[in-house]
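Here's the structure we're looking at; comments come further down.
The values are calculated or read from the model by the stated rules, or taken from the named source; none is laboratory data. All figures in this text were calculated on a predicted structure; none of them were measured in a lab. Note: ideal-geometry Cβ built from the backbone for every residue, glycine included; neighbour counts use all protein chains shown. What goes into the accessible areas is simple: the full protein's heavy atoms, side chains included, and nothing from ligands, DNA or RNA. Shrake-Rupley method; radii C 1.70, N 1.55, O 1.52, S 1.80 Å.
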Amino acid sequence: MSKVDIKSMTKDELSFALAEINLPKFRTNQIFSWLHQKGVSSFDEMTNLSKSLREQLDEKFVIRSCEIETKRVSKEDSTVKYLFRLYDGEYVESVLMKYKYGYSLCVSTQVGCRMGCKFCASTLGGVIRNLSASEILSQIHMAQNDENIRVSHVVLMGMGEPFDNFENVKKFLYLVNCDDGLNLSMRNISLSTCGIVPSIYELMDMNLQLTLSVSLHAPNDNLRSSLMPINKKYGVSELIKACRIYTEKTSRRISFEYSMISGVNDSDECAEELSKLLKGMLCHVNLIPVNNVRENNYVRSDDNRLKKFVSILEKNSINVTVRRTLGKDIEASCGQLRKKHISAQGGN
C-alpha cells in the first residue's frame, strides 16, 4: 500500500485522515503547522510529537519535498536560481528575486512543459509529469529556509503550464493562502497561462483575487501560431474574448506578457495591432526582452526598438512596462539550468 501525500491535504482532509487512525482533533493543528508554517521535510522534525506517533505517521504518510541540487546567486542583483531535485530524481527550477516590497519566488508547476512555445527552454524536452501541491509548496519552503527570509509574493510562471496541472494548482492556491499555513495573500500571487481558454473561465468562476498573466507574445493568429502551438487550438480572438469577460466579471486587471524578439514580433505594425487588440480592456502589457536560448536563434530586441514599441502602446493609451532583467548572469530563465544539468549527466 502506497503512502499518502500528507502535505497536499487540506486541513479538513488531514483531520479526516488522522481520525481514521484514531488521533484526536488537536493533532491536526500541530501537524498542519509543522507542514505548512515551518515547512518540515520529515516527521522526525516534529519535535512536539512523541517518537511513537512520528513513527505511526511515517508508516501511513509521506512528506513530498525537494532538495537543493544546484544554487546560483547573481553577482549583479542577488537573484537566486535553484535547481531542485524531487523524490523521484526529476528536477525543477525556481527563481528568488528581491524587490523593494520583499521577496518574490517564481515556482514551477510541472517537470518540463508540453506547450511547445518556441522561445522557452522549459518545453524543449516535453513534459515529464505534474507536480503535486506539496511539491509546489516545497519550493517556497526550501527557498525561505535556505535564505532565512519570508517569501511575500509567488509567481506561477516557472517550468510548466499551470492550467495543464490545474487540480494540483488549485490545491496549492488553497494551501498557500490558508491562515494556518503560509497565509500568503491572493493579491500577492500571479498565475501565468499560455492561453488555455476553458481554464480562464473556470478561474473566473472561482473569483480569486490573484493576478492572471496571459502569455500573448503576438497580436495576430499567424504570428502567434508560429511561436505558440496552443494558438492553433485557442486563437487570438477567442483568447482575448475570454480575457475581456474575465476582467469584467472579476474587476481584476490582466497582465499580458509579451516577449520582445528582434525582427519577429517587435515591429511598429505589431505595436499598433496590439494596441487595437487590447483597446478598452482592464489590462497591463509587460514587455520582456527575450532570453537567449542556445536551441533557438531568437535575439532580444535592442533598447531603441523597445522604446519605440513602448511609445506606440502609450500613445494608444495602453498601460505598459518593460520587465527588469534579473539574474542574467545565472541563466535565470526557467528550463535552462535543468536542461544543462541533465545534459551534463548524459541525458537528452
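Observations, loosely collected:
- In sequence order, calculated HN-Hα J values of region 150-158 (Karplus, 6.51, -1.76, 1.60; Hz; x Gly/Pro): 10, 7, 9, 9, 10, 10, 8, 9, x
- Candidates LEU14, LEU53, LEU83, ranked by Gaussian network fluctuation over the chain, Cα under 10 Å, top entry: LEU53
- Computed from backbone phi with θ = phi - 60° and the Karplus coefficients 6.51, -1.76 and 1.60, the 3J(HN,Hα) list for region 116-128 is x, 4, 5, 9, 10, 6, 4, 8, 4, x, x, 9, 9 Hz; x is used for glycine and proline.
- In the context of the full set of protein chains, the chain has a per residue accessible area of 45 Å² (1.4 Å probe).
- The alpha-carbon of LYS75 sits under 23 angstrom from the alpha-carbons of these lysines, leaving out residues fewer than 8 places away in its chain: LYS98, LYS100, LYS328, LYS339, LYS340.
- Nearest-0.05 FRET efficiency for THR47 and LYS279, computed from C-beta distance (R0 45 Å): 0.15
- Eigen-decomposition of the gyration tensor built on the alpha-carbon atoms of region 7-69 gives equivalent ellipsoid semi-axes of 18, 13, 11 angstrom, largest listed first.
- Percent accessible area from carbon and sulfur atoms, region 1-114, protein chains only, probe 1.4 Å: 47
- C-alpha long axis of helix 26-36 to longest principal axis of the chain, angle in °: 40
- Per residue, the chain reaches -11000 deg cm²/dmol at 222 nm when only DSSP H runs of four or more residues are counted, each adding -39500 (n - 2.57).
- Helix 303-315 axis, angle to the chain major axis (alpha carbon atoms, nearest 10°): 80
- Alpha-carbon centroids, region 158-187 and region 1-48: separation in whole Å: 18
- Cα long-axis angle, helix 166-177 against the chain (0 to 90 degrees, to the nearest 10): 70
- The stretch between ASP205 and SER311, if pulled fully straight at 0.36 nm per residue, gains 34.6 nm over its current Cα-Cα span.
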